[in-house]
Structures are given as C-alpha cells and as structure tokens.
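J.: Please see the structure below; I have some questions.
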Amino acid sequence: MTDRLKTQISFLVMFFLLIAVGIFQSWSLSLAILNLCLISAIMALGVNIQWGYAGLINIGVMGFVAVGGLAAVLVSQPPVLEAWSAGGYGIILSLFIVLIVVAIIFLIRKKIKKILTKKILIFLTIIIGLVLLNKFYDPAVSSIEAINPAKTGFLGGAGLPIIISWIIGGIFAAAIAWIIGNVTLGLRSDYLAIATLGISEIIIAILKHEDWLSRGVKNVTGLPRPVPYEVNLQGYEWFINLISYINNNKLSKIINIDEKNELLRNLVIESSGLFVKICYSGLLVSVLLIILFFCNRALNSPWGRMMRAIRDNEEAANAMGKNIFKQHLQVFILGSAVLGIAGAMLTTLNGQFTPGSYQPLRFTFLIWIMVIVGGSGNNLGSILGGFFIWFLWIEAEPMSIFVMQLLTSSLEESSLIKSHLMESAPHLRLFIMGLVLLITLRFRPKGILPEKIRRI
C-alpha cells in the first residue's frame, strides 16, 4: 500500500466516523466534534513543527493557547472607558517601567565587564523597578477592578472584529516564545520540557489572577462571532426560504397550514444551529489549509531539511557551521505562533474566555498524543492524530457507557457491581487515551502516517 493511499484511507475512515455520529447521535454533535477536531489539528501542527521538525519538547502548549485566547478578548471587546480613566494610564506607565528595567539590565550585562559590579547594578535596578511598580501598578489595578466588577472590572479591548484576533493571537504567542526561547533553548531537552511547563503555569496563573487584564476567573462571556447568530438567521427570509426548499418533500405532505408552519418553524430553528456550525467549519478549514500549505512548503524546503538534520544529529550540524540555537529559536517561535492562532480560534468558537479551563497537564497530554499517534514529522499525520484523538476523547464516554451496559446486562439493576461499573464508565477517558498510546507505541511507533524519509 502506497503512502498516498494509506493517507486517503485514514482520512476517509475519519469522515465516516463523523458521518456515523451524525446518523446515530445528531448532526449538531457531529459538526461540533468536527470544529473541535479542526482546532485540535492546528494545535497538533504547532507541536509537530517544534518536535517533529526540530525535536524540541514543549510541555507549555496550553500557555501559548491561553495567550491566543487572551488576544480574542483584547481585540474584540469594546474598551471600558471608565476603567481607562481610573487606572489605564497607571498600567501603561507600569509597562513602560518594566521595559526600561529590562533595557537597563540588558545594557548592564552587555557593557559591564566586572562580574561583581554587574550583579550589584542588576540587583539595584530590579529593586528600584519594583519600588516604582508598587507605587503605580497596585493603585491602578485597584481602580480598574473597582469599575462595575460584576460586568466589567477590566480595561476591555480594541472593539475590532474578533477574526482579527486569530492573527494577533499568533503574534502574541510568537513574541512570548521569543522571550522564553532566548532563556530556555540552551537547556537540555528534559530541562526544556520542565521549564516550558513551569512557564505555562505562570502564564495561566497571571490570566487567572490579573482581573484588570481579562476579568480573571470571572471569565469574559458573550464574545462577538465572525458568523451569524441563530436567532438572526431564524428571522431572515432567505434562510426560511432555503430551509423550505430543502425540506419541500416533507412539507408538501402536510395539508394543514398551521401544522406546516409549525414544522417549518421547528426546521428553521434546528437548521440555524447547523448552519452556524457549518460556517465555523468553513472558516476553520480555510485556516487549517493555509497553515498546512505553509507547513508543507517549509518541511520540503532546504530549511526543513536543515531542521531535520539538526534534530537527528546536532553535533554534526554544528560541525557544518549551523547555528543550532538560532534555528531552534525560529522553529520554537513558529510552532508557538500556530498554537496562539489555535487558541484564539478556540475562544472564538466557545464565545467566552475562561482561564480556569486551561489545564496544562491534561490537554498538553492530549495534544502530544495526537502528534505521536498521527505521526510526528508528518503534517498530515499530525492532522489525522488531531482528528482521531479528539473524536475519541469526546466519544469515549458514550462508548464506555455502551460497553458497560453490554457487560452488565445479565446483572440485576440493584447489583452493586453493576452500579459501580456504570458510575465509573464516564471516567475511562484517560484509560482509553493511555491504551491507544501504548498500542500505537507497540505496533506503530512512528505513528499511523509516519514521517516520509526522502532519499537523495
């Protein structure tokens, strides 16, 4: 079987699985799973760029995803003018102080040669910076968070279309990746993994506790959509006519006008939700295809071949004059940017920003499984892994309940064993994920669609 045929069959199987969910459960659920699978595929591509291309172990995935989600808030929410008047200028001044402190430390490290003098000056700079921050930052934050805390309590955003945040989220994540990369990429791979996980936890902790930035754990809800609202669709004449045309056979069988209108109304309500999900699917597919196009171009370019050479043998690549740190920084930034885009898309799809939902260990674990199972180093493999693992994550619960019902069908309803097994069924998700990972590593260690080795 050729690689192309294997890829086609794999994606065809995923297509039929989604169709099966639509037939046996609901089309709304099928489309919802599809949209989350598309976002998961983009996240998997981001991790694949870092690990599959260059061998970098980034466990701080959710930190970059959360930054993308923050971008959706800062772009789409209208500015809270009262909060800006109360403490906005204090926040700006605080950020300016931080930048000055960083610049001074950079100059000290570059210009001062004596180690003791350098340490003393850096220490004094940090102390003075903290004193100034304490003077301006804390009063500004208190003033902002006191402005109608039940509804706002933060600065708001730029009031722009939320789809712009998909680009801004990538830029934010790339900027943070540049800072983190300059600090951590000199570490050994296991230390890099620990460092990125720690930094991810710090980012999420900041988003949870800095209410002035994005309301913290109070969450930002009601984010605007890049697609129509269901209630608006239900009032559009063209949409009603479209649904009437599609369901003409069903409607023509009903003679009573009131019954026909009632059925049409129900069909319009049901179809409006499906239409919105399809619109989201179109947007998400477009972004995925664009990212995939550039990923394939990069992977098959001289740059991609160089990255794989560095991944396979850093010492040999270094001996050939390649700047390992610079190349690692590039790929770390690119992968993080893709994760930031996915984070902004996820927040847009959910319509709310909830910092408490970003659980680094659980969801980082899932994304890494996507790449491993799909096939690291293969862009299509990572996409397939994103689809398959997220589909399994969603459907694991109903499948577990179904299996337990079959296994316990011969037991009495009052049986304690049956009751225990049925109660534990929804919690088998992680067990199933681990089992899939073990099976893959045993029988397909390079993934379902392994990396293509081009021989010259």
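The values are calculated or read from the model by the stated rules, or taken from the named source; none is laboratory data. This one's a predicted model, so the numbers in the text were calculated from it and none came from an experiment. All Cβ positions, even for glycine, are placed from backbone atoms using ideal geometry, and neighbour counts span all protein chains on display.
J.: Which residues, counting only those in region 412-456, are surrounded by 14 or more Cβ atoms within 10 Å (Cβ to Cβ) and of a type in the set (A, V, I, L, M, F, W, C)?
T.: Across region 412-456, the qualifying residues are Leu421, Met422, Ala425, Leu428, Ile432, Met433, Val436, Leu437, Ile448, Leu449.
J.: Evaluate region 146-153: report whether one residue or more is touching a Leu at 6+ places or on another chain (Cβ under 9 Å) and either crowded, with 17+ Cβ neighbours inside 10 Å or among the β-branched types (Val, Ile, Thr) (or both).
T.: There is no residue in region 146-153 that is touching a Leu at 6+ places or on another chain (Cβ under 9 Å) and either crowded, with 17+ Cβ neighbours inside 10 Å or among the β-branched types (Val, Ile, Thr) (or both).
J.: Report yes if some residue within region 287-300 is in the same structural domain as Gly235 (by TED's automatic domain parsing), more than 19 Å from Ile33 (Cβ to Cβ) and of a type in the set (D, E, K, R); otherwise report no.
T.: Yes, region 287-300 has at least one match.
J.: Quick one: Ser409 ticks every box in (1) among the small types (Gly, Ala, Ser); (2) modelled with pLDDT under 90; (3) part of a helix (DSSP H, G or I) except a single one, so which number is it?
T.: Of the numbered conditions (1) among the small types (Gly, Ala, Ser); (2) modelled with pLDDT under 90; (3) part of a helix (DSSP H, G or I), the odd one out for Ser409 is (3).
J.: Further question: Does Ile59 fit the bill of being at pLDDT 95 or above, farther than 26 Å from Glu230 by Cα and either in contact with a Gly (Cβ under 7 Å, 6 or more places away or on another chain) or assigned by TED's automatic domain parsing to the domain that holds Ser165 (or both)?
T.: no
J.: Still on this structure, I have one more. Taking the residues in region 165-218 that are polar (S, T, N, Q) and closer than 22 Å to Ile310 by Cα as candidates, determine which candidate is surrounded by the most Cβ atoms within 10 Å (Cβ to Cβ).
T.: Only one residue tops the list, namely Thr196.
J.: Right, another one. Within region 200-218, how many residues are more than 16 Å from Gly157 (Cβ to Cβ) and over 19 Å from the mean Cα position of the chain (by Cα)?
T.: Qualifying residue count for the region: 1.
J.: Can you find even one residue in region 233-247 that is small (Gly, Ala, Ser), loosely packed, with under 14 Cβ neighbours inside 10 Å, assigned to a helix (DSSP H, G or I) and in contact (Cβ under 8 Å) with a residue 12 or more places away in the chain?
T.: No, that holds for no residue.
J.: Here's a follow-up. Residues of region 113-150 being assigned to a loop (DSSP other than H, G, I, E, B) and among the β-branched types (Val, Ile, Thr), which ones?
T.: Ile147 - this is the single residue of region 113-150 that is assigned to a loop (DSSP other than H, G, I, E, B) and among the β-branched types (Val, Ile, Thr).
Residue-by-condition table, conditions (1) at pLDDT 90 or above; (2) surrounded by 14 or more Cβ atoms within 10 Å (Cβ to Cβ); (3) over 30 Å from Asn350 (Cβ atoms):
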position	(1), (2), (3)
Glu230	yes, yes, no
Ile257	no, no, yes
Ile269	yes, yes, no
Gly282	yes, no, no
Arg305	no, no, yes
Glu314	no, yes, yes
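J.: Between residues in region 340-359 that are part of a helix (DSSP H, G or I) and residues that are among the charged types (D, E, K, R) and surrounded by fewer than 19 Cβ atoms within 10 Å (Cβ to Cβ), which pairs lie under 7 Å by C-beta distance while being six or more apart or on different chains?
T.: So the pair list comes out as Pro355/Lys208; Gly356/Lys208.
J.: Considering every residue within region 420-440, establish whether at least one is on the phi > 0 side of the Ramachandran plot, under 24 Å from the mean Cα position of the chain (by Cα) and touching a residue at least 40 places away in the same chain (Cβ under 8 Å).
T.: No, there is no match, as no residue in region 420-440 is on the phi > 0 side of the Ramachandran plot, under 24 Å from the mean Cα position of the chain (by Cα) and touching a residue at least 40 places away in the same chain (Cβ under 8 Å).
J.: Another question, if that's okay. Just to be sure before I move on: is Glu315 farther than 25 Å from Gly69 by Cβ, free of Cβ contacts under 8 Å to residues at least 40 places away in the same chain and part of a loop (DSSP other than H, G, I, E, B) in the structure I sent?
T.: So Glu315 fails the test.
Yes/no per residue for (1) outside the structural domain of Trp212 (by TED's automatic domain parsing); (2) under 30 Å from Glu82 (Cβ atoms); (3) in contact with a His (Cβ under 7 Å, 6 or more places away or on another chain); (4) surrounded by fewer than 12 Cβ atoms within 10 Å (Cβ to Cβ):
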site: Val98; (1), (2), (3), (4): yes, yes, no, no
site: Ile105; (1), (2), (3), (4): yes, no, no, no
site: Ile108; (1), (2), (3), (4): yes, no, no, no
site: Lys111; (1), (2), (3), (4): yes, no, no, yes
site: Leu116; (1), (2), (3), (4): yes, no, no, yes
site: Leu133; (1), (2), (3), (4): yes, yes, no, no
site: Phe136; (1), (2), (3), (4): yes, yes, no, no
site: Val141; (1), (2), (3), (4): yes, yes, no, no
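J.: Going by the conditions given, is Thr221 under 16 Å from Gly156 (Cα atoms) and either assigned by TED's automatic domain parsing to the domain that holds Thr354 or more than 26 Å from the chain's Cα centre (by Cα) (or both)?
T.: yes
J.: Turning to a different aspect of this structure: Give me the pairs, please: first residue somewhere in region 388-408 and in contact (Cβ under 8 Å) with a residue 24 or more places away in the chain, second residue anywhere and assigned to a helix (DSSP H, G or I) and among the charged types (D, E, K, R), beta-carbon distance under 8 Å, and either six or more positions apart or on two chains.
T.: From residues that are in contact (Cβ under 8 Å) with a residue 24 or more places away in the chain, the pairs are Trp393/Arg429; Ala396/Arg429; Glu397/Arg429; Ser400/Arg429.
J.: Could I ask something else about it? Among the listed residues Leu197, Leu185, Leu124, identify the single one that is over 18 Å from the mean Cα position of the chain (by Cα), modelled with pLDDT under 90 and farther than 17 Å from Pro79 by Cβ.
T.: It is Leu185.
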